[in-house]
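Bear in mind these aren't lab numbers, they're just calculated from the coordinates by the rules spelled out. Computed from a predicted structure; not experimentally measured. Cβ atoms come from the backbone with ideal geometry, glycine included; neighbour counts cover every protein chain shown.
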Amino acid sequence: MLTYPIGIHIINKNSQKRGGTPCISQKKAFATISLVSVLFLAACGGSTSKTNEKVPEQINFLETGELLTLNTTAEEDFVSFTAQNQVFEGLYTLDKKDNFVPGVAASMPVISKDQTEYTIKLRDNAKWSDGSHVTADDFVYAWRRAVDPKTAPSYAALFKDSIKNATEIHEGKLPVSELGVTAPNKETLQITLKKPVPYFISLLSFETFFPAKTSFCGEAR
């Protein structure tokens, strides 16, 4: 309910004698106030009934710029990042307390003793909007695009600083197939790092590490 201030100016009879604004009798003033009160209460009653209606839960975002891309390996702006976060999901995400929890991943990763090998199982119910399953190959495909000198964004540096052979691939010295990420099967992702990276799980929640549907991207090229 929105309310607006109502100003009421009552002038006494003597004001007219002093050359002021024509006077309003107390009876007329009281009648005016009563009428305004009735209208105000009626408005309140109507708004109360509306608040009892079931309203769908939703959050609206306001962006001051245009959406440039939904390609997770081509974004360079915060508007695209915001939009991608609403329609895509990475291996891990944040809970209400800003702790990392599984997203597309079924559980937290199994990490080798030297902290350079990550094995991640995917949820069997993770699906794209067309109903097809998100697979480990979708992650391999997206990550290779992120370091391929033909398609890599500036955020390729995140891969170069962490994943085995990413730097050499980005410099054109190795083929993308040599990137330290493989899919032994549709539900398993294996990652090899060039060195231990304590914050690597946080990278796995970043948009450039999101999956890309292999068949769709291949057709869209």
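Summary table below
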item	result
Chain lengthening between Thr192 and Asn125 when straightened (0.36 nm per residue, less Cα-Cα)	21.6 nm
When each of Lys97/Lys194; Lys113/Lys150; Lys121/Lys164 is checked by Cα-Cα distance, pairs over 29 Å	Lys97/Lys194; Lys113/Lys150
Formal net charge of residues neighbouring Asp137 (Cβ-Cβ distance under 13 Å; K, R +1; D, E -1)	+2
Low-density loop cleavage sites - GluC sites (Glu not before Pro) in the range 99-176, where at most 15 other Cβ are within 10 Å (DSSP)	Glu171
Extension gain, Tyr199 back to Phe100 (0.36 nm per residue minus Cα-Cα distance, nm)	34.5 nm
Proximal charge balance of Thr116 [Cβ under 13 Å; K/R count +1, D/E count -1]	+2
Net +/- balance of residues flanking Pro175 in space, Cβ distance below 15 Å, scoring K and R +1, D and E -1	+1
Where only C-alpha atoms are counted, convex hull volume of the range 89-220 per residue in Å³	113 Å³
